[in-house]
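First up is the structure itself, then whatever we jot down about it.
Coordinate-derived values only; no laboratory data. Remember, it's a predicted structure, so these values are computed and weren't measured experimentally.
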Amino acid sequence: MIELSGLTMTEQFAEAIGHSAMPGDNLILTGDLGAGKTTLTKGIAQGLGITQMIKSPTYTIIREYNQGRIPLYHMDIYRVAASGADLGLDEYFEGDGLSVVEWGNLLEEALPEDYLELILEKSDTDLEKRYVKLVSYGEQSETFKQRILEKWVENHE
């Protein structure tokens, strides 16, 4: 588990994810409302070299950002989880970019075969603090997880 002491540290961790991402990586962001899923995605975009403003795709479901090192496919399926299989998400999951799915745990059977889940938890005692647990489901996501952790350690030694 990684402890992030505030917004700056959360952004640095997210940028490490962006720097570590490879085409076809899938990231599922899980956590309560206000846990920092969209904030994390903004930092990931910076790590990918995307300068465009990142907005939550709550009502649009999917936003594509193509001007970075690799494309970012930012999804929020909170309002459509039950119909996840009907959204055609496989083309993104198997595509040439990084798929980041807020509330992705709600997809159930429509989850990609291989993905890295980031479980975000808020601290009970510090409003700024977050805890992140990385759980890989598959070989590609385990490699992605190792790249992230190596980059994080490298930036914080």
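With all projection directions averaged, the alpha carbon convex hull of region 1-153 covers 8.1 nm². Whole-Hz Karplus values for region 17-22 come out as 5, x, 5, 8, 5, 10 Hz, taken residue by residue from phi with 6.51 cos²θ - 1.76 cosθ + 1.60 and θ = phi - 60°; glycine and proline positions read x. Summary of the geometry: region 32-47 and region 119-157, compared by the centres of their Cα atoms, lie 13 Å apart.
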